[in-house]
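Trainee: Sharing a structure with you now.
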Amino acid sequence: LRTKRDSSIARCWELMGSRQAKALVSAGNTGAVAAGGLFSKLFLPGVKRPGIAVVIPTMTGPCVLLDVGANSSCKPEHLYQYGVMGAAYARRILNIEVPRIGLMNIGTEEGKGNELVRETRDLFKASPYKDSFSGNVEGRDLYQGSVNVFVCDGFVGNVVLKVSEGMLDMVLHMAA
């Protein structure tokens, strides 16, 4: 964005800023798309850090997984904001009236997880989303559809996404 001010991504953010566009979709430079969001500050109220979301099919319908690569070093408030964004997406786009939010962790028990996860869990429990927050979820819960929004940092989300892609490739190869 700094060196290519006339790039398609920069132009898209300009269109978003002038309200001539309502969404930006890109198969290009993920970092540039996220940076454009930071520069433009076109976020939902209360959201300070962009996240990348994907919709994943589950046994109970689609779910939103985020972040899948925008931020590997998150603060609890960032993960909380991903939950807010994911819930908004699930309501508006996936038509889920009251999305259930889960925090990706190494166990479902209340005391499990690192400091980031424990502090994020506390934020959810003290928030307007406390009734929608289902607590900790594990990777195995993803395809079962135990919640509608899975929240994690970009490192974890990117690994989950890559494993999912690999599993799909393997299934398609076996079916061929």
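Trainee: Take the conditions in a loop (DSSP other than H, G, I, E, B), polar (S, T, N, Q) and more than 18 Å from V64 (Cα to Cα) and apply them to S146. Does it pass? Break it down stepwise before answering.
Mentor: Numbers: in a loop (DSSP other than H, G, I, E, B): yes; polar (S, T, N, Q): yes; more than 18 Å from V64 (Cα to Cα): no.
Here the answer is no, as S146 does not meet what is asked.
Trainee: Restricting attention to the stretch 149-176, which residues are open to solvent by less than 20 Å² (accessible area, probe 1.4 Å) and not small (G, A, S)? Spell out how you get there, then give the answer.
Mentor: Taking the stretch 149-176 and keeping what is open to solvent by less than 20 Å² (accessible area, probe 1.4 Å), we get 149-152, 154, 157.
The answer is V149, F150, V151, C152.
Trainee: Follow-up. Can you name the condition, by its number, that P57 falls short on among (1) closer than 19 Å to V137 by Cβ; (2) in contact with a helix residue (DSSP H, G or I) (Cβ under 8 Å, 6 or more places away or on another chain)?
Mentor: Single failed check for P57: (2).
Trainee: Would you mention how many residues in the stretch 114-148 are open to solvent by 40 Å² or more (accessible area, probe 1.4 Å) and among the hydroxyl-bearing types (S, T, Y)?
Mentor: Selection size over the stretch 114-148: 4.
The values are calculated or read from the model by the stated rules, or taken from the named source; none is laboratory data. Just so it is clear, the model here is predicted, and its values are computed rather than measured. Every residue, glycine among them, receives a Cβ derived from its backbone with ideal geometry; neighbour counts consider all protein chains shown. Remember, those area values only see protein heavy atoms, side chains included, never the ligands or the DNA or RNA. Shrake-Rupley method; radii C 1.70, N 1.55, O 1.52, S 1.80 Å.
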